[in-house]
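Participant: What follows is a structure written as structure tokens; I'll ask about it next.
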Ligand SMILES: Nc1ncnc2c1ncn2[C@@H]1O[C@H](COP(=O)(O)OP(=O)(O)OP(=O)(O)O)[C@@H](O)[C@H]1O
Ligand SMILES: [Mg+2]
């Protein structure tokens, strides 16, 4: 069954069940109320008639006992007086043919009951007559009006329920139609996207606002997917290109060396060149692996002293700094963050290496920790040319390099992408700010500070 059909069927079913339930409750309470009224009238009449106590009458010449019908209330159609043995003593004229047997109507006094007599549905009551003779008066009245009203009400209610269910079914059918109108469109777009067409869009303009919003959300999702796929394709293309360059150099050097017999120095030169390319290849592969690992892996957090991180980064960049006469300064006091010490060191090392590379000869590279409202900020600043505002976001893209960096082939352009991934994996971030107007670049890393008392690695090894 279609979704539309199911929706209409379920809605009508619910409407039918609730309307039938509530109508039955109304019907029951109405008929019970009507019956109560009848019972009250019947009982009152029985009491009054019993008090009069003089029903048995022998009309002269009739030879039959009879009740003076005229004395009975109009509601009372049938009456019989029984003696204590259940023998009928007198009755209304309409019972001359036959009177109900006492055992059929034996009931507690003042407890109205139903019975069928001569194909007529009656409501009856028994009341004791005053006096020593322990006679009983049986009064009954047809339920015709009551039953007729109940039947009529039931019929009207059934018609109302059927009409309401029909209206509900029609409304549900229309509503489901309106809701599912765009389903085919969405399904077609989903199939197109699954088949690789990331330009497909739903573009619901009119109709139901929820549906339009769903359409917009799906379109937005496809757009993001398209950007993601494009970024990944660009990444793969860039990575392949970067990997190919050193391999090409290596192959070139080695084939050149083997083309003919050469002097030992020529071989050495070729091997040195090939080795440099192999190192570059290895560092590129390590960076790519690091980028993949940091993006996907979980790590155990531990307290990390930032001064130790800065020291480690300075030690591995010492040679480069000395070569250009760049001074390395750290002011981290005893700031402690939560994280992975190796990854944090890699992050700071990438920033320090960049800072040294872009520093003028004799410049200063400074690593500084500052408390912030949401943790700790680690600032890495230099006195180089700084980063132009228009590329402040782009420099974090994998393989993005300044034209000068591209020209001297000094790096692959993965350092900042790795650094930002590490910062984000630590629940923080990395960005470049305007250095407070000062000359040079300033990179800011936000990190979560560690709140527990901490013993530094150096102190631990001393102990
Ligand atoms: N301190 C800085 N001052 C000015 N520009 C910078 C600085 N740090 C990075 N950049 C710019 O950002 C680009 C990307 O830096 P990133 O560290 O990602 O790559 P890289 O240093 O060129 O290569 P890799 O780090 O992979 O060896 C650099 O090419 C440079 O243009
Ligand atoms: Mg770098």
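Nothing in this text is a laboratory measurement; each read-out follows from the coordinates by a stated rule. Worth saying up front: this structure is predicted, and the values here are computed from it rather than measured. Quick reminder, even Gly has a Cβ in these numbers, built from the backbone with ideal geometry, and neighbours come from all protein chains shown.
Participant: Looking at segment 432-442 only, could you name the residues that are in a strand (DSSP E or B) and crowded, with 20+ Cβ neighbours inside 10 Å? Explain how you work it out, then say what you get.
Facilitator: Taking segment 432-442 and keeping what is in a strand (DSSP E or B), we get 432-433, 442.
Answer for segment 432-442, where residues must be in a strand (DSSP E or B) and crowded, with 20+ Cβ neighbours inside 10 Å: 432, 442.
Participant: Looking at residue 136, is it out of contact with any helix residue (DSSP H, G or I) (no Cβ under 8 Å at 6 or more places or on another chain) and over 17 Å from residue 42 (Cβ atoms)? Walk me through how you get there before you give the answer.
Facilitator: Values: out of contact with any helix residue (DSSP H, G or I) (no Cβ under 8 Å at 6 or more places or on another chain): yes; over 17 Å from residue 42 (Cβ atoms): no.
For residue 136, the condition - out of contact with any helix residue (DSSP H, G or I) (no Cβ under 8 Å at 6 or more places or on another chain) and over 17 Å from residue 42 (Cβ atoms) - is not met.
Participant: Does segment 396-407 include one or more residues that are under 38 Å from the mean Cα position of the chain (by Cα), near ligand 1 (Cβ under 9 Å from one of its atoms) and farther than 27 Å from residue 332 by Cβ? Before the answer, list the steps.
Facilitator: Going through segment 396-407, the residues under 38 Å from the mean Cα position of the chain (by Cα) turn out to be 396-398.
Next cut, near ligand 1 (Cβ under 9 Å from one of its atoms) only: 396-398.
Add one more test, that the residue is farther than 27 Å from residue 332 by Cβ, and what stays is 397-398.
Yes; the residues of segment 396-407 include at least one that is under 38 Å from the mean Cα position of the chain (by Cα), near ligand 1 (Cβ under 9 Å from one of its atoms) and farther than 27 Å from residue 332 by Cβ.
Participant: Another question about this same structure. When you scan segment 354-369, do you find a residue that is in contact with a strand residue (DSSP E or B) (Cβ under 7 Å, 6 or more places away or on another chain), within 11 Å of ligand 1 (Cβ to nearest atom), touching a residue at least 60 places away in the same chain (Cβ under 8 Å) and in a helix (DSSP H, G or I), even just one?
Facilitator: Scanning segment 354-369, I find at least one residue that is in contact with a strand residue (DSSP E or B) (Cβ under 7 Å, 6 or more places away or on another chain), within 11 Å of ligand 1 (Cβ to nearest atom), touching a residue at least 60 places away in the same chain (Cβ under 8 Å) and in a helix (DSSP H, G or I), so the answer is yes.
Participant: Would a scan of segment 289-303 turn up a residue that is over 23 Å from residue 239 (Cα atoms), more than 16 Å from ligand 1 (Cβ to nearest atom) and touching a strand residue (DSSP E or B) at 6+ places or on another chain (Cβ under 6 Å)? Talk me through it step by step, then tell me what you get.
Facilitator: We begin by selecting, within segment 289-303, every residue over 23 Å from residue 239 (Cα atoms); these are 298-303.
From what is left, the residues that are more than 16 Å from ligand 1 (Cβ to nearest atom) are 298-303.
Those left that are additionally touching a strand residue (DSSP E or B) at 6+ places or on another chain (Cβ under 6 Å): 301, 303.
Looking through segment 289-303, at least one residue is over 23 Å from residue 239 (Cα atoms), more than 16 Å from ligand 1 (Cβ to nearest atom) and touching a strand residue (DSSP E or B) at 6+ places or on another chain (Cβ under 6 Å).
Participant: Within segment 236-291, which residues are outside any helix (DSSP H, G or I) and surrounded by fewer than 11 Cβ atoms within 10 Å (Cβ to Cβ)?
Facilitator: Passing the criteria: 259, 260, 261, 263.
Participant: Working only within segment 377-431, note down all residues that are on the phi > 0 side of the Ramachandran plot and either away from ligand 2 (no atom under 11 Å from the Cβ) or in a strand (DSSP E or B) (or both). Reasoning before the result, please.
Facilitator: The initial filter retains those residues of segment 377-431 that are on the phi > 0 side of the Ramachandran plot, namely 386, 399, 409, 413, 427.
Listed by number, the residues that qualify are 386, 399, 409, 427.
Participant: If you check residue 446 against the conditions, is it crowded, with 22+ Cβ neighbours inside 10 Å and touching a strand residue (DSSP E or B) at 6+ places or on another chain (Cβ under 7 Å)?
Facilitator: On the way: crowded, with 22+ Cβ neighbours inside 10 Å: no; touching a strand residue (DSSP E or B) at 6+ places or on another chain (Cβ under 7 Å): yes.
The answer is no for residue 446.
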